[in-house]
Amino acid sequence: MRFYEYESKALFERHRMPLNTRRTVSSASEAREAAAEIGCPVVVKSQVLSGGRMKAGAVKFAKTPDEAASYYDEILPIEVNGETARSILIETMSPIAQEYFVSVTWDGRRKAPVVLFSDMGGIDIEEVAEKHPEHVSKTHFSTIFPLTPRIAKEAIGKVGVSGRDLNRMTPIVFELMKIFLEYDLTLAEINPLARLEDGSFCVLDGHIDLEAEARGKHKKLLAELGIGEDETRQARPPTEFEIAGRKVNDVDHRGVAGNVVEFDGNLGLIIGAGGGSLTLFDAVRNHGGKPANYCEIGGNPSVSKACELTKLILSKPGVEKIAVMMNVVSNTRVDIVARGVVKGCIESGKDPAKVISIFRIPGAWEDEGFKILEKYGVEYCDRSVSMYDAAGRAVAKLGA
Amino acid sequence: MPGLFIDVQVDAAVAKDAAIAKKLEDACPVDIFEASDAGVTVVEANLDECTLCDLCIQAAPEGSVKVVKLYE
């Protein structure tokens, strides 16, 4: 869940990060007032969740309060990647000597958080990493051992920063690492972190992404930052298909079936089990298949939930077949899911034998489940067939 | 009318017993039985949710409730 810049900065302020004087405004007159109060020149910035504000013209530099008011009107309607501004931020314009980049994120391969640091801030870090890899450092740290400023120092020092700059930036980078862990973030980024002409440092822009599953744990913080419980902060609004999926899931408390994401393909997916969804989705794509949806089922959903989910996916235009696949399950009953999907096919007016390309859910009550599938002529397999191979079979059937 | 996968049959005499009806209603985790003063009614819409737990069979006199798997 992404934070707006003004929210990220409000969080940084709690941790005594060096920030410019700033104010969010919601009218041109407020922009004028804020610019006069802060003191010109000021930066006028659109508050959107996506990047690319500067390129879209949604960041301007105002020399006078009147100019700030006029930029407010100019920036407000600008769409950045299809997103309009929530508000406008007016902030002191700092005399910059050099810009740096610092980010803390999660390295899935190393299964550890990583600090990325560059002395070429203010621009796309991917571009810097490609063209000037010697200017980007990667420093992993542990979530078990105590966090120390030495790690931050190491990250900065790796790109050749030393002396006073190293000493001044270390507490800022160290604080960002602490923020990342304390609030269960998936991203804590400062870009740029600026050295000003007087040698001091200032956070000019910040990005925070909170792990969506941690929302409950950080309810108090979110409330204090003014982030509503109903704000999903997704990259795009949910589609009708996704909303319908949520309704399927909300019908009763039993298990999960309905957490879907819409795609354009022809193979509907009823998949799940402890990371199995991601593995299976990737497997389908690796075999050249085109998923119609991503999906997560598990926790022993009721027959009616599995049935309604099946009907929803089969009703999606372009879906030719469905694949029902999970990892080996212990807390979901194979026979209950089998009943649900077979019933869903029949209630959709389709023959389960023709429309289910593969049923690969091994685990609890599988013998009972396989009896159901046999009766309806559905191709199924047990754990001796890997998830990858099962996905391959499903994709192959679409080509047949 | 049975479900697509499961049918539950209750002996006619037992079905009229309000006390057993209450026991069946309490026992079933997926609400297949509805009790009233007149006895027990099988809720057809919930039949396919049967988890084959056999709690209904244990709650009623021996042989008076049968759970039938229609896919066998």
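The values are calculated or read from the model by the stated rules, or taken from the named source; none is laboratory data. Source: prediction; values computed, not measured. Cβ atoms come from the backbone with ideal geometry, glycine included; neighbour counts cover every protein chain shown. Only protein heavy atoms, including side chains, enter the accessible area calculation; ligands, DNA and RNA are left aside. Shrake-Rupley method; radii C 1.70, N 1.55, O 1.52, S 1.80 Å.
The table for this structure:
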{"read-out": "Output for the stretch A:203-259, where each listed residue is touching a Pro at 6+ places or on another chain (Cβ under 7 Å) and open to solvent by 30 Å² or more (accessible area, probe 1.4 Å)", "value": "A:Arg254, A:Val256"}
{"read-out": "So A:Val395, is it more than 10 Å from chain B (Cβ to nearest Cβ), of a type in the set (A, V, I, L, M, F, W, C), crowded, with 16+ Cβ neighbours inside 10 Å and not in a helix (DSSP H, G or I)", "value": "no"}
{"read-out": "Answer residue from the stretch B:8-22, given it is surrounded by fewer than 18 Cβ atoms within 10 Å (Cβ to Cβ) and not in a loop (DSSP other than H, G, I, E, B) and is nearest to the other protein chains (Cβ to nearest Cβ) among those", "value": "B:Gln9"}
{"read-out": "Residue check for A:Ser357: modelled with pLDDT under 95 and not aliphatic (A, V, I, L, M)", "value": "no"}
{"read-out": "Conditions (1) touching a residue at least 60 places away in the same chain (Cβ under 8 Å); (2) crowded, with 16+ Cβ neighbours inside 10 Å; number of the one not met by A:Glu197", "value": "(2)"}
{"read-out": "Condition check for A:Gly377: at pLDDT 95 or above, within 14 Å of another protein chain (Cβ to nearest Cβ) and buried (at least 23 other Cβ atoms within 10 Å of the Cβ)", "value": "no"}
{"read-out": "Flag for A:Ile313 being of a type in the set (A, V, I, L, M, F, W, C) and touching a strand residue (DSSP E or B) at 6+ places or on another chain (Cβ under 6 Å)", "value": "yes"}
{"read-out": "Flag for A:Asp119 being under 27 Å from A:Phe201 (Cβ atoms) and either surrounded by fewer than 18 Cβ atoms within 10 Å (Cβ to Cβ) or in contact with a Phe, Trp or Tyr (Cβ under 8 Å, 6 or more places away or on another chain) (or both)", "value": "yes"}
{"read-out": "Residue in the stretch A:65-82 that is on the phi > 0 side of the Ramachandran plot and charged (D, E, K, R) present", "value": "no"}
{"read-out": "Hits in the stretch B:23-72 - residues which are away from every other protein chain (no Cβ under 14 Å), assigned to a strand (DSSP E or B) and closer than 21 Å to B:Leu4 by Cβ", "value": "B:Phe33, B:Glu34, B:Thr41, B:Val42, B:Val65, B:Lys66"}
{"read-out": "Residue count for the stretch A:92-116, restricted to those that are part of a strand (DSSP E or B), of a type outside the set (Val, Ile, Thr) and touching a Phe, Trp or Tyr at 6+ places or on another chain (Cβ under 9 Å)", "value": "7"}
{"read-out": "Which listed residue, of A:Val173, A:Val159, A:Val136, A:Val203, is among the aliphatic types (A, V, I, L, M) and touching a His at 6+ places or on another chain (Cβ under 6 Å)", "value": "A:Val159"}
{"read-out": "Residue that is farthest from B:Ile32 (Cα to Cα) [pool: residues in the stretch A:273-288 that are touching a residue at least 24 places away in the same chain (Cβ under 8 Å), open to solvent by less than 10 Å² (accessible area, probe 1.4 Å) and small (Gly, Ala, Ser)]", "value": "A:Ala283"}
{"read-out": "Selected residue (only one of A:Ile271, A:Ile336 is within 14 Å of chain B (Cβ to nearest Cβ) and either within 21 Å of B:Ile6 (Cβ to Cβ) or not small (Gly, Ala, Ser) (or both))", "value": "A:Ile336"}
{"read-out": "Top-ranked residue of the stretch A:302-341 - restricted to ones that are of a type in the set (Val, Ile, Thr) and in contact with a Phe, Trp or Tyr (Cβ under 6 Å, 6 or more places away or on another chain), ranked as nearest to A:Gly272 (Cα to Cα)", "value": "A:Val324"}
{"read-out": "Among (1) modelled with pLDDT under 95; (2) within 22 Å of A:Met1 (Cβ to Cβ) - the single one A:Val203 does not satisfy", "value": "(1)"}
{"read-out": "Scan of the stretch A:298-309 for residues that are open to solvent by less than 10 Å² (accessible area, probe 1.4 Å) and more than 13 Å from chain B (Cβ to nearest Cβ), ordered by number", "value": "A:Leu309"}
{"read-out": "Of all residues making up the stretch A:12-42, the number that are aliphatic (A, V, I, L, M), under 30 Å from A:Thr170 (Cβ atoms) and crowded, with 17+ Cβ neighbours inside 10 Å", "value": "3"}
{"read-out": "Residues being surrounded by 19 or more Cβ atoms within 10 Å (Cβ to Cβ) and either more than 22 Å from B:Ala45 (Cβ to Cβ) or away from every other protein chain (no Cβ under 14 Å) (or both) - total across the stretch A:339-361", "value": "7"}
{"read-out": "Any hit, the stretch A:163-184, residues being open to solvent by 40 Å² or more (accessible area, probe 1.4 Å), touching an Asp or Glu at 6+ places or on another chain (Cβ under 8 Å), at pLDDT 95 or above and in the same structural domain as A:Ser103 (by TED's automatic domain parsing)", "value": "yes"}
{"read-out": "Subset of the stretch A:61-74 [open to solvent by 30 Å² or more (accessible area, probe 1.4 Å) and more than 11 Å from A:Glu91 (Cα to Cα)]", "value": "A:Lys63, A:Thr64, A:Pro65, A:Asp66, A:Glu67, A:Ser70, A:Tyr71, A:Asp73, A:Glu74"}
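Here is a yes/no grid of residues against (1) assigned to a loop (DSSP other than H, G, I, E, B); (2) more than 19 Å from A:Cys381 (Cα to Cα); (3) at pLDDT 95 or above; (4) not assigned by TED's automatic domain parsing to the domain that holds A:Tyr388:
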{"position": "A:His253", "(1), (2), (3), (4)": "yes, yes, no, no"}
{"position": "A:Asn259", "(1), (2), (3), (4)": "no, yes, no, no"}
{"position": "A:Lys305", "(1), (2), (3), (4)": "no, yes, yes, no"}
{"position": "A:Gly318", "(1), (2), (3), (4)": "yes, yes, yes, no"}
